[in-house]
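Visitor: Take this structure first; my questions come after.
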Amino acid sequence: MPLDIDPAIIGEEFDRATYGPITAEELIAYARALGETRSEYTEPGPGLVGHPTYCVRYRGTRWFPENLPKTIDVRRGMDAGKDIQFGVPLRPGDTVELRCTLHEIYEKTGRTGSMYFTVLRFTMTNQRGETVAVVDNRFMHR
Amino acid sequence: MVLRFEDVLEGDEVPTRGLFLAKDQVRAYARAAGQWAPRFTDDEGARREGLPGMIAPGNMSVGLLTALLESWAGAGTVRRIGATFRSLVLPDRTVRLCGTVTEKHVETRTVEVDVWLESDEGERWVIGTATVGLGG
C-alpha cells in the first residue's frame, strides 16, 4: 500500500526532554560494560569523559510521532540500524537536551512484500548549547 | 596514542578483536544504557517476545565497533559511525569485531572504514561504515 504522507510531518519536532546532571558513575559503568579500560573513560577525576556512544541511552519520552501514516504499525517496528555524528564528549555534571524529529520515511519492496522505514533523528546538546551527538535511529515496519 | 594519517593506507585492516560476549556483560550494558528489558536480560523473557533467547542491544554492537576503532586510532577519533543490524546478536558465544580502511581524504585528514561484527562462523550480523579523524 503506498504511503500517504503529509510532508509537513518530516522534520517536525515531536518530543523534547532534558536529562542529567550526568554522574561519573554512570559514565564509568557504561564504558566498562563495553570492556573499556582507558583511564579517560573509567577513572573518576577531571579527565573523565563519556564513551562516545554513551549518548544512545537518551531516547525521549515518546518513541514515535502521533501523526505517522496509519500504514505504519509502530508496534511491529524493528531496530534496523543507527547513524551517529559525534560532537563534544559528555562530562560529569553535564545535562543533555534531546530533540526528536521525524527525519525520513520510505518504502522498500522485498521478496516478502513491502517494508516501511522510519528514521527518527535525536539531536542532543549540552548545557552550553554545544552539539553532543546527532543520532539517526532507523526502524523497519512490516 | 593517536594513529597518524600518513601511516594508514587504503586496504589496511583494523586489528580484529575477538570477544566472548557473556550474558553478564550484555546485562551490564543493558543496565548502563537504560535498556533493561527482558529481551536483553533473560532468556525466558526474550522467548516470551518470540526471540530465541536473550540478545545484545543493537546499541551495544555500535558501542563495541566504536571501541574497536578507538583502540586502533585513539580515543576521540571517531567522527561518525553508521550501522545496519542484519541479524540478532546472540550472547554466550565469541564474536569478532573487524574493520577495513576503504578511503583516505587528505583535505580532512579522515579515513572511511568499513566495520562489521561477525559470528565465529564468519556471518556478518552487524555491518557499517565509520569516519575516523587522524592526526600527524
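Visitor: What number goes with the only condition from (1) of a type outside the set (Asp, Glu); (2) buried (at least 23 other Cβ atoms within 10 Å of the Cβ); (3) in a loop (DSSP other than H, G, I, E, B) that residue B:99 does not pass?
Guide: Unmet for residue B:99, out of (1) of a type outside the set (Asp, Glu); (2) buried (at least 23 other Cβ atoms within 10 Å of the Cβ); (3) in a loop (DSSP other than H, G, I, E, B): (3).
Visitor: How many residues does region A:1-29 hold that are in a loop (DSSP other than H, G, I, E, B) and either hydroxyl-bearing (Ser, Thr, Tyr) or farther than 30 Å from residue A:72 by Cβ (or both)?
Guide: Residues in region A:1-29 being in a loop (DSSP other than H, G, I, E, B) and either hydroxyl-bearing (Ser, Thr, Tyr) or farther than 30 Å from residue A:72 by Cβ (or both): 4 in total.
Visitor: On to the next question. Restricting to region A:34-57, count the residues that are touching a Gly at 6+ places or on another chain (Cβ under 8 Å) and either modelled with pLDDT under 95 or closer than 20 Å to residue B:128 by Cβ (or both).
Guide: 6
Visitor: Before we move on, is residue A:101 among the hydroxyl-bearing types (Ser, Thr, Tyr), under 22 Å from residue B:85 (Cα atoms), in contact (Cβ under 8 Å) with a residue 40 or more places away in the chain and not in a loop (DSSP other than H, G, I, E, B)? Explain how you work it out, then say what you get.
Guide: Values: among the hydroxyl-bearing types (Ser, Thr, Tyr): yes; under 22 Å from residue B:85 (Cα atoms): yes; in contact (Cβ under 8 Å) with a residue 40 or more places away in the chain: yes; not in a loop (DSSP other than H, G, I, E, B): yes.
In short, yes.
Visitor: Okay, moving on. Across region B:57-88, what is the number of residues that are of a type outside the set (Gly, Ala, Ser), over 14 Å from residue A:86 (Cα atoms) and in a loop (DSSP other than H, G, I, E, B)?
Guide: 3
Visitor: If a residue has to be among the aliphatic types (A, V, I, L, M), within 21 Å of residue B:115 (Cα to Cα) and surrounded by 12 or more Cβ atoms within 10 Å (Cβ to Cβ) to count, how many in region B:1-56 make the cut?
Guide: 9
Visitor: Moving on to the next point. Among the residues of region A:3-42, what is the count of those that are more than 20 Å from residue A:63 (Cα to Cα), exposed (fewer than 13 other Cβ atoms within 10 Å of the Cβ) and free of Cβ contacts under 8 Å to residues at least 24 places away in the same chain?
Guide: Selection size over region A:3-42: 3.
Visitor: I've got another one for you. Could you list all residues from region A:70-86 that are among the β-branched types (Val, Ile, Thr) and within 12 Å of chain B (Cβ to nearest Cβ)?
Guide: A:84
The values are calculated or read from the model by the stated rules, or taken from the named source; none is laboratory data. Model, not experiment: these values are computed from the prediction. Every residue, glycine as well, gets a Cβ built from its backbone with ideal geometry; the counts of neighbours run over all protein chains shown.
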